[in-house]
Amino acid sequence: MTTTGFLTDSTLCIGCKACEVACKEWNDVPDDGFLWSGLSYDNTLTLGASSWRHVKFVEHQPRTGCGGNAPGHSTWQFSSDVCKHCGNAGCLEACPTGSIVRTEFGSVYVQPDVCNGCGYCVVACPFGVIDRRPDDGRAFKCTFCYDRQKAGMEPACAKACPTGSILFGDLDKLQRRGEERVEQLHAAGMDDASLYNPTDTSVGGIHAMFLIRGDSRAYNLPPKPEVPTTLLPRAWTAAGIGAAAMVIGSLAAFAMCGSGRSAKR
Amino acid sequence: MKATEERLDELRRQAERTGRVDAKGIRAAGAPLPEPGAEHGYYGLPLLKPPVWTWEIPLYFFVGGAAGASAMIAVAAQVSGADETLVRDARRIAALGAVISTPLLISDLGRPERFLNMLRVFKPRSPMSVGAWTLAAFGTLTGATVLADELQRRTDLPLTFVSNAAGAGAALSGLGMATYTGVLLGATAIPVWAENVNMLPIHFAASAVASASSLLELCGHQHRALPLLASGAAAYEVYATREVARSGVTSTALKAASLLSGPIPLALRLLGIRSKRARRAAALASLAGSLITRFAWVEAGKVSARDPRVPLGLM
Ligand code: SF4
């Protein structure tokens with residue numbers, strides 16, 4: 001099986017949210033409440049247990065190639081966010097039940113029949129993606145349309161995207177395609193275009209890459225995401241020190257004080 | 001909300017006073033609206049998800065920690081030849097703690113009926129998995145210790161070896177109980193926990209020792225090793241307080257917990273070596289401090305997750 005991926009190109013996104021709707025409908029994802037956010041046209045605000053695609057509306061002053069608006073009117077970069085399906089996934093490492101697995105397509109999948117809702121994956125994801133659904137109790141996130149991929153079909157969001165902003169396919173090919181697209185955009189004068197894929201961190205690259213313009217931080221994409229398992233050696237060393245101190249401390253305290261004077265009042 | 005004339009007046013007063021009204025469905029009033037950008041991330045919205053744990057988890061951290069340390073104290077007391085009632089009570093506290101811990105942990109699951117899935121696999125790389133197995137071992141071994149103890153007392157069966165072996169195993173898994181919770185919090189993406197990863201397991205171990213020895217003191221045991229242990233733990237807490245303050249964690253609950261775990265019991269114990277009442281007060285302070293410590297750390301994690309600046313590298 002080849003490893004598949006997403007390449008989400010914000011320069012092609014028109015903010016129609018067809019991907020959000022397609023994802024909800026295909027995967028039967030429940031309503032997660034509605035709130036006028038006042039933050040541009042984004043009322044989804046964040047990925048979560050019941051939002052597996054989320055179109056970000058990054059507003060800014062007009063720039064070359066970013067919408068053809070009149071000077072003085074702010075314009076948008078749209079970017080459809082999704083679970084990154086990390087090469088080294090914090091959620092998968094943290095899961096104590098083995099519910100979260102790596103599929104034959106290289107994606108990260110939560111088996112809903114195994115998850116017992118312990119909530120540990122929630123604090124292990126460096127991208128703040130996975131969450132526990134309050135009324136259900138289990139953790140949910142993008143499945144990378146595991147069911148559709150198994151049947152040889154592309155994920156629902158990619159199929160519904162009208163502009164080709166969401167590309168689906170072989171991960172390596174998409175990576176190359178993303179790099180080519182960046183070159184193309186640079187040649188067209190859009191110097192701030194880049195491909196977001198943190199390959200040089202402990203996350204070890206992501207299977208859902210983003211082509212963005214400007215600073216990744218404006219998209220809440222962390223410049224240096226790290227998988228929390230890198231902290232384990234330090235954490236267990238500290239635990240070892242704590243345990244050793246407990247052993248030595250209690251043995252020493254009792255040895256020093258002898259056996260006497262312990263009569264119950 | 002039913003609209004009444006009073007409600008309309010209230011809305012008007014609020015609007016006059018603050019320039020905005022807070023009501024369901026209204027959120028855009030906090031003008032000027034934030035902008036996305038390198039300085040505030042995506043409209044300043046949180047990047048990470050806050051922990052979903054409710055009160056059961058920090059309470060479990062406290063109970064499990066005290067129980068674990070108690071199992072260790074039982075072994076130390078026994079090895080030193082201390083009074084056998086002390087050994088027995090320490091073992092009982094450990095077993096009781098395990099009995100309370102298990103339902104606490106289960107009830108916080110989103111799907112409590114699936115708690116056994118925790119023992120479906122063993123994943124050394126998942127502190128949650130290690131913890132579930134540690135608790136399973138601890139519960140079994142503390143139960144076996146107390147059971148063998150009681151049987152032996154009532155029936156004269158030669159079970160000393162059994163209770164001692166189980167007691168040693170309980171102490172070993174008890175060390176895990178007292179420390180793994182620090183690993184559980186530290187090895188996550190939550191900035192305030194991850195920043196204190198080197199300290200949290202030791203901090204929780206000290207807190208566990210303080211609460212176990214305080215509990216035994218409150219049960220009426222006067223072995224001098226108990227206040228000594230508790231003072232040692234309190235001394236570490238004084239140091240830990242400084243470390244936490246240096247890492248920039250500001251939380252009233254954490255400050256209160258630090259005071260109650262460190263300086264207050266330490267002073268009471270030093271000043272009141274001969275005073276029973278001072279010792280009691282010190283023990284109560286340690287217990288309260290230890291309990292609040294766990295709640296404060298979980299709460300600090302929730303606050304920390306809301307701030308996108310650390311994961312975005314903006315501070
Ligand atoms: S982005 Fe989060 S939820 Fe998705 S694979 Fe990575 S760690 Fe798991």
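The values are calculated or read from the model by the stated rules, or taken from the named source; none is laboratory data. Since we're looking at a predicted model, the values are computed, not measured. As a convention, Cβ positions derive from the backbone with ideal geometry for all residues, glycine included, and neighbour counts pool all protein chains shown. Heavy atoms of the whole protein, side chains included, go into the accessibility calculation; ligands, DNA and RNA do not. Shrake-Rupley method; radii C 1.70, N 1.55, O 1.52, S 1.80 Å.
Note down all Cβ pairs under 9 Å where the first residue falls in region B:295-315 and is farther than 16 Å from B:Asp108 by Cβ, the second is aliphatic (A, V, I, L, M) and open to solvent by 80 Å² or more (accessible area, probe 1.4 Å), and they're at least six residues apart or on different chains.
The qualifying pairs are B:Asp307/B:Met315; B:Arg309/B:Met315.
Tell me yes or no: at least one residue of region A:135-145 is in contact with a Leu (Cβ under 7 Å, 6 or more places away or on another chain), within 18 Å of A:Ser80 (Cα to Cα) and crowded, with 24+ Cβ neighbours inside 10 Å.
The answer is no, given that none of the residues of region A:135-145 is in contact with a Leu (Cβ under 7 Å, 6 or more places away or on another chain), within 18 Å of A:Ser80 (Cα to Cα) and crowded, with 24+ Cβ neighbours inside 10 Å.
Out of A:Asp147, A:Asp135, A:Asp131, report the one residue that is away from the ligand (no atom under 11 Å from the Cβ) and over 15 Å from A:Asn27 (Cα atoms).
Values: A:Asp147 fails: over 15 Å from A:Asn27 (Cα atoms); A:Asp131 fails: away from the ligand (no atom under 11 Å from the Cβ).
Of the residues listed, the single one that is away from the ligand (no atom under 11 Å from the Cβ) and over 15 Å from A:Asn27 (Cα atoms) is A:Asp135.
Restrict the check to region A:150-157 and report whether at least one residue is touching a residue at least 40 places away in the same chain (Cβ under 8 Å), under 29 Å from B:Trp297 (Cα atoms), assigned to a loop (DSSP other than H, G, I, E, B) and within 16 Å of the ligand (Cβ to nearest atom).
We begin by selecting, within region A:150-157, every residue touching a residue at least 40 places away in the same chain (Cβ under 8 Å); these are A:155-157.
Subset that is under 29 Å from B:Trp297 (Cα atoms): none.
Scanning region A:150-157, I find no residue that is touching a residue at least 40 places away in the same chain (Cβ under 8 Å), under 29 Å from B:Trp297 (Cα atoms), assigned to a loop (DSSP other than H, G, I, E, B) and within 16 Å of the ligand (Cβ to nearest atom), so the answer is no.
Conditions tested, residue by residue: (1) of a type in the set (Lys, Arg); (2) assigned to a loop (DSSP other than H, G, I, E, B).
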residue	(1), (2)
B:Gly248	no, yes
B:Ala253	no, no
B:Leu260	no, no
B:Arg277	yes, no
B:Ala282	no, no
B:Ser286	no, no
B:Ser290	no, no
B:Trp297	no, no
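Identify, please: which residue in region A:159-185 is assigned to a helix (DSSP H, G or I) and more than 19 Å from A:Asn197 (Cα to Cα) and is, among those, least open to solvent (accessible area, probe 1.4 Å)?
Quick first cut of region A:159-185, residues assigned to a helix (DSSP H, G or I) only: A:159-160, A:171-185.
From what's left, more than 19 Å from A:Asn197 (Cα to Cα): A:159-160.
Working: A:Lys159: 134, A:Ala160: 39 Å².
In this case the residue turns out to be A:Ala160.
Name every residue in region B:211-226 that is open to solvent by less than 10 Å² (accessible area, probe 1.4 Å) and either among the hydrophobic types (A, V, I, L, M, F, W, C) or assigned to a helix (DSSP H, G or I) (or both), in order of residue number.
Let us first name the residues in region B:211-226 that are open to solvent by less than 10 Å² (accessible area, probe 1.4 Å), namely B:211-214, B:216, B:220-221, B:223, B:225-226.
Within region B:211-226, B:Ser211, B:Ala212, B:Ser213, B:Ser214, B:Leu216, B:Ala225, B:Leu226 meet the criteria.
For region A:79-98, give me each residue that is among the hydrophobic types (A, V, I, L, M, F, W, C), near the ligand (Cβ under 8 Å from one of its atoms) and within 27 Å of A:Asp42 (Cα to Cα).
To start, the set of residues in region A:79-98 that are among the hydrophobic types (A, V, I, L, M, F, W, C) comprises A:82-83, A:86, A:89, A:91-92, A:94-95.
Add one more test, that the residue is near the ligand (Cβ under 8 Å from one of its atoms), and what stays is A:83, A:86, A:89, A:91-92.
Correct list: A:Cys83, A:Cys86, A:Cys91.
Does region A:106-128 hold any residues that are open to solvent by 40 Å² or more (accessible area, probe 1.4 Å) and either part of a loop (DSSP other than H, G, I, E, B) or near the ligand (Cβ under 9 Å from one of its atoms) (or both), and which are they? Let's see the steps before the verdict.
At the first step, the residues of region A:106-128 found to be open to solvent by 40 Å² or more (accessible area, probe 1.4 Å) are A:109, A:111-113.
Those that are open to solvent by 40 Å² or more (accessible area, probe 1.4 Å) and either part of a loop (DSSP other than H, G, I, E, B) or near the ligand (Cβ under 9 Å from one of its atoms) (or both): A:Gln111, A:Pro112, A:Asp113.
Considering every residue within region B:244-251, establish whether at least one is open to solvent by less than 40 Å² (accessible area, probe 1.4 Å) and of a type in the set (Val, Ile, Thr).
At the first step, the residues of region B:244-251 found to be open to solvent by less than 40 Å² (accessible area, probe 1.4 Å) are B:244, B:249, B:251.
Remaining after also requiring of a type in the set (Val, Ile, Thr): B:244, B:249.
For region B:244-251, residues open to solvent by less than 40 Å² (accessible area, probe 1.4 Å) and of a type in the set (Val, Ile, Thr): present.
Taking region B:249-294 as the search range and keeping residues that are hydroxyl-bearing (Ser, Thr, Tyr) and touching a residue at least 60 places away in the same chain (Cβ under 8 Å), which one is farthest from B:Leu229 (Cα to Cα)? It would help to see each step written out before you state the result.
Step one: filter region B:249-294 for residues hydroxyl-bearing (Ser, Thr, Tyr), giving B:250-252, B:258, B:261, B:275, B:286, B:290, B:293.
Keeping just the survivors that are touching a residue at least 60 places away in the same chain (Cβ under 8 Å) gives B:286, B:290, B:293.
Numbers: B:Ser286: 12, B:Ser290: 14, B:Thr293: 19 Å.
So the residue we want is B:Thr293.
Condition first: over 15 Å from the mean Cα position of the chain (by Cα) and facing chain B (nearest Cβ under 7 Å). Can you find one or more residues in region A:123-134 that meet it?
Going through region A:123-134, the residues over 15 Å from the mean Cα position of the chain (by Cα) turn out to be A:133-134.
Keeping just the survivors that are facing chain B (nearest Cβ under 7 Å) gives none.
So far as region A:123-134 goes, no, none of its residues is over 15 Å from the mean Cα position of the chain (by Cα) and facing chain B (nearest Cβ under 7 Å).
Just wondering, is there one or more residues in region B:55-63 that are at pLDDT 95 or above, of a type outside the set (Lys, Arg) and outside any helix (DSSP H, G or I)?
For region B:55-63, residues at pLDDT 95 or above, of a type outside the set (Lys, Arg) and outside any helix (DSSP H, G or I): present.
So that you can scan it fast, the table gives a plain yes or no per residue for (1) farther than 18 Å from B:Ser211 by Cα; (2) open to solvent by 20 Å² or more (accessible area, probe 1.4 Å):
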position: B:Ala82; (1), (2): yes, no
position: B:Arg92; (1), (2): no, yes
position: B:Thr102; (1), (2): yes, yes
position: B:Leu116; (1), (2): yes, yes
position: B:Pro124; (1), (2): yes, yes
position: B:Met128; (1), (2): yes, no
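Mind listing just one residue for me: the one in region A:208-248 that is outside any helix (DSSP H, G or I), more than 9 Å from chain B (Cβ to nearest Cβ) and more than 14 Å from the chain's Cα centre (by Cα) and, of those, modelled with the lowest pLDDT? Working first, answer last.
In the first step, residues of region A:208-248 are kept if they are outside any helix (DSSP H, G or I); the result is A:208-215, A:220-227.
Checking which are more than 9 Å from chain B (Cβ to nearest Cβ) leaves us with A:208-213.
With more than 14 Å from the chain's Cα centre (by Cα) added as a condition, the list becomes A:211-213.
On the way: A:Leu211: 97, A:Ile212: 95, A:Arg213: 91.
Top of the filtered list is A:Arg213.
Please state which one of B:Arg88, B:Arg153 is at pLDDT below 95 and among the basic types (Lys, Arg).
Numbers: B:Arg88 fails: at pLDDT below 95.
The unique qualifying residue is B:Arg153.
Assess whether A:Leu167 counts as being closer than 21 Å to A:Trp52 by Cα and within 16 Å of the ligand (Cβ to nearest atom). Let's see the steps before the verdict.
Values: closer than 21 Å to A:Trp52 by Cα: yes; within 16 Å of the ligand (Cβ to nearest atom): no.
So A:Leu167 fails the test.
Those residues that are surrounded by fewer than 24 Cβ atoms within 10 Å (Cβ to Cβ) and closer than 14 Å to A:Val203 by Cα, I need them from region A:89-105; list them, please.
A:Glu93
Does B:Thr179 fit the bill of being assigned to a loop (DSSP other than H, G, I, E, B), at the interface with chain A (Cβ under 9 Å from one of its Cβ atoms) and open to solvent by less than 20 Å² (accessible area, probe 1.4 Å)? Please lay out each step first, then the result.
Working: assigned to a loop (DSSP other than H, G, I, E, B): no; at the interface with chain A (Cβ under 9 Å from one of its Cβ atoms): yes; open to solvent by less than 20 Å² (accessible area, probe 1.4 Å): yes.
Taking the combined requirement at face value, the residue does not satisfy it.
Check B:Leu109, B:Leu141 and return the single one that is more than 9 Å from chain A (Cβ to nearest Cβ), of a type outside the set (D, E, K, R) and within 23 Å of the chain's Cα centre (by Cα). So that I can check it myself, show each step before the final result.
Working: B:Leu109 fails: more than 9 Å from chain A (Cβ to nearest Cβ).
Every option except B:Leu141 fails the conditions.
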